[in-house]
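Take a look at the structure set out below.
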Amino acid sequence: MKIKFTKMHALGNDYIYVDCFKQKLNKADLPELAKKICDRHFGVGSDGLILVVPGKSHKFRMVFYNPDGSEAEMCGNGIRCFARFLYDQGLSKSRVQDIETKAGIIHTEIIKPGQTFMIRTDIGKPILEREKIPVKGKGKFCINESLKMNGRKVQFTSMSLGNPHTLVFVKEFEPNWKEIGKAVENHPIFPRRTNVEFAKILSRSRIQMKIWERGVGETLASGTGASAATVAGVLKRKLERKVTAFFDNGKLGIEWREQDDHLYITGPAIRVFDGMYDYT
């Protein structure tokens with residue numbers, strides 16, 4: 001089976017998009033396809049496979065698979081690229097879209113088209129209740145708790161933004177932060193595993209971040225991860241509600257609005273190339 005795809009990225013967080021309005025993948029084992037096509041040595045290489053499919057209540061739905069074949073609920077960077085893909089491919093002429101995901105309906109708006117699209121997304125309210133994240137333990141919330149791991153303690157705050165996130169604030173990024181991220185992701189207190197973000201506070205409106213993504217490993221950026229850091233920072237009274245999150249390859253604007261309690265992400269979406277993948 002030959003599959004036409006488009007490679008896109010947001011701050012280096014890269015994804016493969018397939019238009020399932022024009023080509024059917026009924027015969028494909030989707031988790032297996034994700035593992036193969038996302039492989040950086042034997043496939044196209046990416047942080048995930050995203051399918052553009054018809055929605056149930058809205059025209060478009062995003063279906064997202066991690067490189068390990070697991071299906072994720074949502075992706076902050078991925079959905080901005082999804083919005084650009086719809087616009088570029090002529091699937092929609094509107095700059096405003098409501099897109100279905102496993103995490104609910106995500107509102108997107110193209111605020112600056114061109115070579116580097118700037119897109120704003122409304123990803124809704126953060127979910128702070130422990131059992132809804134989910135995280136095992138006592139108490140209604142999971143804010144500023146300690147996790148014992150390999151003879152050391154890790155202070156963390158967890159929440160759900162449609163998918164589970166665990167935020168660790170650091171003074172400096174440790175050389176072994178990836179090992180810590182992997183251990184936290186797979187810790188037994190997280191029944192569905194968790195995305196792990198490390199954030200260094202530069203000021204009350206600026207943070208530097210490293211990302212360990214559930215089912216992926218290290219990624220170069222994360223929109224939902226930056227949103228989680230903003231929420232955790234506000235809860236700790238360390239950050240304002242409007243924050244710039246810096247990554248190795250650029251920045252995202254995050255706002256947690258008091259008016260509606262929603263999180264808004266503003267950042268770029270880049271088209272890299274189109275191709276054909278021979279799936280066997």
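Using the structure shown, decide if residue 218 is closer than 15 Å to residue 76 by Cα and either surrounded by fewer than 17 Cβ atoms within 10 Å (Cβ to Cβ) or assigned by TED's automatic domain parsing to the domain that holds residue 173 (or both). Walk me through how you get there before you give the answer.
Details: closer than 15 Å to residue 76 by Cα: no; either surrounded by fewer than 17 Cβ atoms within 10 Å (Cβ to Cβ) or assigned by TED's automatic domain parsing to the domain that holds residue 173 (or both): yes.
For residue 218, the condition - closer than 15 Å to residue 76 by Cα and either surrounded by fewer than 17 Cβ atoms within 10 Å (Cβ to Cβ) or assigned by TED's automatic domain parsing to the domain that holds residue 173 (or both) - is not met.
Just give me the residues in segment 221-235 being within 17 Å of residue 10 (Cα to Cα) and either not hydroxyl-bearing (Ser, Thr, Tyr) or not assigned by TED's automatic domain parsing to the domain that holds residue 157 (or both), in sequence order. Break it down into steps so the answer makes sense when it comes.
Of all residues in segment 221-235, those within 17 Å of residue 10 (Cα to Cα) come to 221-227.
Hits for segment 221-235 are 221, 223, 225, 226.
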Exercise. Does residue 16 satisfy being assigned to a strand (DSSP E or B), modelled with pLDDT of 95 or more and under 16 Å from residue 67 (Cβ atoms)?
Worked result: yes
Exercise. So which pairs qualify, if the first residue must be in segment 210-225 and at pLDDT 95 or above and among the acidic types (Asp, Glu), the second must be surrounded by fewer than 22 Cβ atoms within 10 Å (Cβ to Cβ) and in a strand (DSSP E or B), the Cβ gap must be under 9 Å, and the two must be at least 6 apart or on different chains?
Worked result: 213/219
Exercise. How about segment 263-280: which of its residues are surrounded by fewer than 15 Cβ atoms within 10 Å (Cβ to Cβ) and within 23 Å of the chain's Cα centre (by Cα)?
Worked result: 272, 273, 274
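The values are calculated or read from the model by the stated rules, or taken from the named source; none is laboratory data. Everything numeric here is computed off the predicted structure, so don't read it as measured data. Positions of Cβ are backbone-derived with ideal geometry, glycine not excepted, and every protein chain shown enters the neighbour counts.
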